[in-house]
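Q: There's a structure below that I have some questions on.
The values are calculated or read from the model by the stated rules, or taken from the named source; none is laboratory data. Everything quoted here is computed from the prediction, not taken from an experiment. All Cβ positions, even for glycine, are placed from backbone atoms using ideal geometry, and neighbour counts span all protein chains on display.
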Amino acid sequence: ARFRGRDIDATETTCGYCAVGCRFEVHTKGDEVLGVRATDPEGAPANDFSTCVKGKFGYEFAGSDDRLTKPLVRRDGDLEPASWDEALDRVVEGFERIRDDYGPEALAAFASSKATNEENYLMQRLARDVLRTPNIDNCARLCHSSTVAALLQTVGYGAMTNSIADVAGADAYLITGSNTTESHPVLATRIKQNVRDGADLVVFDPRRTGIAEHADQYTRTDPGYDVAWLNGLTRYVIEHDLHDADYVEEHVHGFDELREKVEPFTPAEVERLAGVPPEELASAAETLADAENVVFGWAMGLTQHSHGTANVLAVANLALVLGQVGKPNAGLSPFRGHNNVQGGGGDMGTLPNKLPGYRDPADPDVRADFADVWGAEPPAEYGLKVPEVFDAALDGEVRGLYVMGENPALSEPDIGHADEALDALEFLVVQDLFRTETAEHADVVLPAASFAETDGTFTNTERRVQRVRPARDAPGKARADFDILTEVAARFGADWDYDSPADAMDEIASLAPIYGGISHDRLDAEGGLQWPCRDADDPGTRYLYEDGFNFEDGKARFVPADMGRPGELPDETYPLTLTTGRVMYHFHTGTLTRRAPGLTHHVPESFVEIHPATAESLGVADDEYVRVASARGSVVVRAFVTDRVGEGVVFVPMHFAEGAANALTQGDTVDPESGIPEYKVSSVRVERVEGE
Ligand code: SF4
């Protein structure tokens with residue numbers, strides 16, 4: 001009614017950037033996106049009336065002239081426009097040839113945490129049921145795979161235990177390795193409002209991030225030594241009898257083993273290892289122990305380490321020993337990154353060792369359930385993780401790769417290694433909105449629809465499944481991932497029977513019990529639903545573990561965390577420690593935000609943050625160009641002299657192809673349990689660039 005007579009449509013949908021999952025209306029006139037407005041707080045539990053700058057101005061990419069509007073195929077070395085028929089014929093021929101010559105394990109597929117649940121479900125089905133390969137993974141391998149590995153072991157589900165409403169209502173926070181203000185802005189606003197109203201905020205981080213500016217206590221830690229101070233906090237609360245002994249006795253196994261493991265982490269040892277002063281360790285422990293309800297929030301600063309799983313185990317142990325899991329306004333809050341990394345990157349089974357609903361392909365009963373619906377069992381063996389796929393490509397074991405909505409040529413650590421691996425493939429298909437750095441290596445590029453042109457669902461960081469609706473048509477001949485995948489499957493001879501994404505969601509509900517009660521009809525009628533939502537009468541679950549943990553005996557497990565050290569330490573040649581991360585105005589590899597003028601003019605190029613003392617010792621002035629070099633490569637970027645980073649530590653954002661942080665990061669060191677690479681600690685040197 002607001003727009004009567006003006007030919008303006010308002011489409012209610014979910015933000016396609018981060019996993020806060022803000023709801024808003026996209027206003028369009030024809031295919032032109034006019035703007036975005038948050039309008040219905042009841043239907044928008046994550047954001048009420050708010051959106052951040054990316055949600056508000058970040059949609060400009062949808063109408064960008066750079067959008068792919070036709071398939072591209074490689075002819076005589078160049079990518080050239082082609083018909084859908086020719087492109088899809090090549091996809092089928094390319095993958096069939098490799099499968100016939102080398103077997104299905106020579107194929108791999110990367111799903112997309114940007115795409116919908118339904119599209120990701122189809123991608124893993126295409127890999128397992130049509131291509132017959134277990135090699136399906138996605139970029140969540142590179143962000144929260146260590147979180148999932150640790151939470152599955154300790155509490156039972158690889159997900160945030162609570163809701164954004166619980167985060168907003170805590171009495172105290174421990175936030176670590178999360179640049180919440182820039183990476184999850186609307187969530188950060190809710191935390192800051194609560195802190196203003198009296199909640200205690202403790203931040204431990206090597207970098208004094210925006211959220212740290214609001215903290216009651218900010219403690220700078222040395223990058224890569226988080227287990228030390230986390231185990232030190234646990235030791236402190238046990239030693240001072242500040243733990244919840246009744247809760248532990250009733251709800252958690254393994255207290256004695258935990259106590260033994262944390263014993264060496266005395267305050268003096270924590271200071272030696274992690275640079276945390278004893279009085280700051282004590283005050284943090286007492287703040288957390290005194291509070292009624294505590295939320296433990298983290299993101300990639302904790303997970304992207306060669307011991308990322310141990311880091312998250314140490315957080316989970318601390319939360320459990322304080323009795324802070326399984327009640328309102330408390331709990332474990334891994335802040336997920338991409339809009340649909342929880343759903344598309346995990347729940348949908350786009351993982352080499354998990355089917356949809358985190359079901360185990362090694363279990364014959366589980367495979368039989370899938371065979372009832374698919375007509376054939378999925379492969380029983382576990383597939384390769386993303387870094388293993390790249391190594392296997394270089395070894396000639398993986399020869400064909402299908403990449404949907406990911407840009408590993410820029411997001412992988414040590415992108416020189418990723419480039420070599422992509423070039424080593426015999427056949428690469430990339431399905432995306434733009435001709436990304438990865439698409440430049442492809443044999444076939446398929447033009448895909450954006451979130452603003454797509455029908456389906458996303459699952460946000462708090463396990464809330466929400467509808468995504470098309471507000472405009474995809475440009476030219478670009479098509480929704482859902483349509484592309486169903487057509488690819490049909491050309492392989494599969495008889496998939498999906499009239500719409502709603503049909504796919506019904507199939508997901510039939511195979512993944514945590515989604516058992518979720519359907520498009522219900523979401524349209526009721527708004528979002530948080531899993532577990534097991535049947536049509538289940539209202540969903542605001543916070544997990546109220547009635548016990550996700551193990552047969554209902555009890556959680558302390559899994560003591562071993563001390564890990566960074567895989568690379570500073571030396572004479574590379575004396576500084578590089579850490580990487582995000583800025584508010586960009587997202588991930590910048591594929592979308594760098595095509596949104598309303599965002600990119602705020603931060604148009606890469607930079608390196610250098611502490612004033614480090615800058616002085618190097619003779620580097622603020623705003624001059626410097627070369628940052630590691631054993632992998634070097635970039636020239638503008639220096640930003642600031643005490644946000646500590647002495648001897650530098651920070652480069654991850655969003656820029658020119659000045660790419662991942663030209664510097666290490667690709668060799670990965671967490672053995674989750675396979676997550678160590679993005680957060682690499683050794684570098686910085687030098688002035690004369691004449692730049
Ligand atoms: Fe989108 Fe995240 Fe910003 Fe919300 S906070 S508008 S979900 S980018």
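Q: Anything in the range 433-467 that is more than 16 Å from the ligand (Cβ to nearest atom) and out of contact with any helix residue (DSSP H, G or I) (no Cβ under 6 Å at 6 or more places or on another chain)? List them, or say none.
A: Residues satisfying the conditions are LEU433, PHE434, ARG435, THR436, ALA439, GLU440, ALA442, ASP443, PRO447, ALA449, GLU453.
Q: To continue, here is another question. Quick check on the range 172-187. Is at least one of its residues within 16 Å of the chain's Cα centre (by Cα), buried (at least 24 other Cβ atoms within 10 Å of the Cβ) and of a type in the set (A, V, I, L, M)?
A: The answer is yes, given that some residue of the range 172-187 is within 16 Å of the chain's Cα centre (by Cα), buried (at least 24 other Cβ atoms within 10 Å of the Cβ) and of a type in the set (A, V, I, L, M).
Q: So which of PHE61, PHE95, PHE49, PHE24 is more than 26 Å from the chain's Cα centre (by Cα) and aromatic (Phe, Trp, Tyr)? Reasoning before the result, please.
A: Values: PHE61 fails: more than 26 Å from the chain's Cα centre (by Cα); PHE49 fails: more than 26 Å from the chain's Cα centre (by Cα); PHE24 fails: more than 26 Å from the chain's Cα centre (by Cα).
It is PHE95.
Q: Looking at the range 492-503, is at least one residue within 30 Å of LEU422 (Cβ to Cβ), without any contact (Cβ under 8 Å) to a residue 40 or more places away in the chain and not aromatic (Phe, Trp, Tyr)?
A: yes
Q: Given the residues THR180, THR154, which is the only one that is more than 15 Å from the ligand (Cβ to nearest atom), among the β-branched types (Val, Ile, Thr), in contact (Cβ under 8 Å) with a residue 60 or more places away in the chain and in contact with a helix residue (DSSP H, G or I) (Cβ under 7 Å, 6 or more places away or on another chain)? Before you say what the answer is, go through the steps one by one.
A: Working: THR180 fails: more than 15 Å from the ligand (Cβ to nearest atom).
The conditions single out THR154.
Q: Still on this structure, I have one more. Being out of contact with any strand residue (DSSP E or B) (no Cβ under 8 Å at 6 or more places or on another chain) and over 20 Å from HIS251 (Cα atoms) is the requirement here; does PRO539 meet it?
A: It is false that PRO539 is out of contact with any strand residue (DSSP E or B) (no Cβ under 8 Å at 6 or more places or on another chain) and over 20 Å from HIS251 (Cα atoms).
Q: Restricting to the range 281-302, give me the number of residues that are part of a helix (DSSP H, G or I), surrounded by 24 or more Cβ atoms within 10 Å (Cβ to Cβ) and of a type in the set (Val, Ile, Thr).
A: Total satisfying the criteria: 0.
Q: Would you mention how many residues in the range 310-329 are within 20 Å of GLU462 (Cα to Cα) and either buried (at least 24 other Cβ atoms within 10 Å of the Cβ) or in contact with a Lys or Arg (Cβ under 6 Å, 6 or more places away or on another chain) (or both)?
A: Of the residues in the range 310-329, 8 are within 20 Å of GLU462 (Cα to Cα) and either buried (at least 24 other Cβ atoms within 10 Å of the Cβ) or in contact with a Lys or Arg (Cβ under 6 Å, 6 or more places away or on another chain) (or both).
Q: Is there a residue in the range 513-522 that is out of contact with any Phe, Trp or Tyr (no Cβ under 8 Å at 6 or more places or on another chain) and of a type in the set (A, V, I, L, M, F, W, C)? First the steps, then the outcome.
A: So in the range 513-522, the residues out of contact with any Phe, Trp or Tyr (no Cβ under 8 Å at 6 or more places or on another chain) come out as 513, 516-517, 519-522.
Still in the list and also of a type in the set (A, V, I, L, M, F, W, C): none.
No: the range 513-522 contains no residue that is out of contact with any Phe, Trp or Tyr (no Cβ under 8 Å at 6 or more places or on another chain) and of a type in the set (A, V, I, L, M, F, W, C).
Q: For the range 303-422, give me every one of the helices (runs of 4 or more DSSP H) that falls completely inside it and has 1 or more residues that are over 17 Å from THR147 (Cβ atoms) and in the same structural domain as TYR225 (by TED's automatic domain parsing).
A: Values: elements: 308-321, 364-374, 386-395, 408-411.
Per the criteria, 308-321.
Each row is one residue, and each column tells you yes or no for (1) among the small types (Gly, Ala, Ser); (2) in contact with a Ser or Thr (Cβ under 8 Å, 6 or more places away or on another chain); (3) modelled with pLDDT of 95 or more; (4) not assigned by TED's automatic domain parsing to the domain that holds GLU119.
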| residue | (1), (2), (3), (4) |
| --- | --- |
| ASP483 | no, no, yes, no |
| ASP497 | no, no, no, no |
| MET505 | no, yes, yes, no |
| ALA509 | yes, yes, yes, no |
| TYR515 | no, no, yes, no |
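Q: Filtering the range 525-534 down to residues that are at pLDDT 95 or above and of a type outside the set (Phe, Trp, Tyr), which residue is farthest from PHE549 (Cα to Cα)?
A: Residues of the range 525-534 at pLDDT 95 or above: 529-534.
Filter once more, so that each one left must be of a type outside the set (Phe, Trp, Tyr): 529-530, 532-534.
Working: LEU529: 20, GLN530: 17, PRO532: 13, CYS533: 16, ARG534: 16 Å.
So the residue we want is LEU529.
Q: When you look at LEU569, is it within 29 Å of GLY232 (Cβ to Cβ), at pLDDT below 95 and surrounded by fewer than 15 Cβ atoms within 10 Å (Cβ to Cβ), yes or no? It would help to see each step written out before you state the result.
A: Working: within 29 Å of GLY232 (Cβ to Cβ): yes; at pLDDT below 95: yes; surrounded by fewer than 15 Cβ atoms within 10 Å (Cβ to Cβ): yes.
Yes.
Q: What strands (runs of 3 or more DSSP E), lying completely within the range 578-692, carry at least 3 residues that are of a type in the set (Lys, Arg) and over 30 Å from ALA392 (Cα atoms)? Walk me through how you get there before you give the answer.
A: Values: elements: 607-610, 625-629, 634-641, 649-653, 682-688.
Strands (runs of 3 or more DSSP E) meeting the threshold: none at all.
Q: Return a yes/no flag: does the range 621-633 have any residue that is more than 21 Å from HIS588 (Cα to Cα), out of contact with any Lys or Arg (no Cβ under 7 Å at 6 or more places or on another chain) and buried (at least 21 other Cβ atoms within 10 Å of the Cβ).
A: Checked against the condition, which is being more than 21 Å from HIS588 (Cα to Cα), out of contact with any Lys or Arg (no Cβ under 7 Å at 6 or more places or on another chain) and buried (at least 21 other Cβ atoms within 10 Å of the Cβ), the range 621-633 yields at least one hit.
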